[in-house]
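This report refers to the structure that appears directly beneath it.
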Amino acid sequence: MRLPYYHVDAFTGALFGGNPAGVCPLEKWLPDDVLQRIAAENNLSETAFFTREAVFFHLRWFTPEVEMDLCGHATLAPAHVLFTELGHQRETVRFQTRSGSLAASRREGIIELDFPARPPLPCAAPENLCRGLGRQPREVLKARDYVAVFDTQADVAALKPDMDLLSRLDSLGIIATARGEDADFVSRFFAPAAGVPEDPVTGSSHCSLIPYWSERLGKNELFARQISKRGGELFCRAFGERVGIGGRAVIFSRGEIQLPENR
């Protein structure tokens, strides 16, 4: 069995930046263990699988180790493939996912994701969070992920996290963030418990970052950078219970996945 496959760099306008995602369109769903094994073989932070339904696309995301409940760059990537490779004519792609209905729309040269807001709430800082990051945050909050707020972009850039300690926390991931020098805010994202020590660019973390920084900066439109080694740019908007997460994407490769018939 041969499956079409695309390797897409998301949240960047240039190759070798942003966050690489695998994109695998399917005619029908394969068993979950096969999807997980494909994602593990790809060894990217996420591989996206989707099927076409009557009026939407059913989308799922897998890291090398687990299925995710929400993923930004692996939603941007299949939307880009649908718009540029698979002939989707409408300005919006609608996905049904584990996090409900999501949309990706073409807007002024970017693709904007319509995602649920996940405002983080203040909480006590777990010992393994501070020890794992190696630096004391100014503020700690939590939604799905812990949000560790630092004073400067340099503080976030200097973090050398202990992934073993961070993997013991009761959250999917850990967001480190601060005001940006050439952006409204910057961040890094660590999810060792999900098999992703540091994610290059994380759309889902901005479901918490956008409401946090929108409130503190007093603005609904923000420009963000994720300052991982690869780096990425995100064009953000706050809409109360929803957020807009915009970015560009480029295709690195097109090919096929070949599965054994007795899979």
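Given the criterion among the small types (Gly, Ala, Ser) and either without any contact (Cβ under 8 Å) to a residue 40 or more places away in the chain or more than 18 Å from Glu256 (Cα to Cα) (or both), identify the matching residue among Ala79, Ala21. Write out each step before concluding.
On the way: Ala21 fails: either without any contact (Cβ under 8 Å) to a residue 40 or more places away in the chain or more than 18 Å from Glu256 (Cα to Cα) (or both).
Of the residues listed, the single one that is among the small types (Gly, Ala, Ser) and either without any contact (Cβ under 8 Å) to a residue 40 or more places away in the chain or more than 18 Å from Glu256 (Cα to Cα) (or both) is Ala79.
Confirm whether Pro20 is outside any loop (DSSP other than H, G, I, E, B), modelled with pLDDT of 95 or more, surrounded by fewer than 20 Cβ atoms within 10 Å (Cβ to Cβ) and in contact with a Phe, Trp or Tyr (Cβ under 9 Å, 6 or more places away or on another chain). I'd like the intermediate steps shown before the answer.
Details: outside any loop (DSSP other than H, G, I, E, B): yes; modelled with pLDDT of 95 or more: yes; surrounded by fewer than 20 Cβ atoms within 10 Å (Cβ to Cβ): no; in contact with a Phe, Trp or Tyr (Cβ under 9 Å, 6 or more places away or on another chain): yes.
Criteria not met by Pro20.
Could you look through the stretch 91-123, keep only residues that are within 17 Å of Asp145 (Cα to Cα) and touching a helix residue (DSSP H, G or I) at 6+ places or on another chain (Cβ under 7 Å), and pick out the one that is surrounded by the fewest Cβ atoms within 10 Å (Cβ to Cβ)?
Pro116
Looking at (1) assigned to a strand (DSSP E or B); (2) among the polar types (S, T, N, Q); (3) surrounded by fewer than 22 Cβ atoms within 10 Å (Cβ to Cβ), which is the only condition Gln36 fails?
(1)
Looking only at the stretch 57-66, decide whether some residue is in the same structural domain as His88 (by TED's automatic domain parsing), modelled with pLDDT under 95, within 14 Å of the chain's Cα centre (by Cα) and surrounded by 14 or more Cβ atoms within 10 Å (Cβ to Cβ).
Taking every residue of the stretch 57-66 in turn, at least one turns out to be in the same structural domain as His88 (by TED's automatic domain parsing), modelled with pLDDT under 95, within 14 Å of the chain's Cα centre (by Cα) and surrounded by 14 or more Cβ atoms within 10 Å (Cβ to Cβ).
In the stretch 94-114, how many are under 21 Å from Glu233 (Cα atoms) and free of Cβ contacts under 8 Å to residues at least 60 places away in the same chain? Break it down into steps so the answer makes sense when it comes.
Of the residues in the stretch 94-114, the ones under 21 Å from Glu233 (Cα atoms) are 102-114.
Imposing the further condition that a residue be free of Cβ contacts under 8 Å to residues at least 60 places away in the same chain reduces the set to 102-106, 108.
Number of matching residues: 6.
The values are calculated or read from the model by the stated rules, or taken from the named source; none is laboratory data. The structure presented is a predicted model; accordingly, all values stated were derived computationally and were not measured. Don't worry about glycine lacking a Cβ; one is built from the backbone with ideal geometry, like all the others, and counts go over all protein chains shown.
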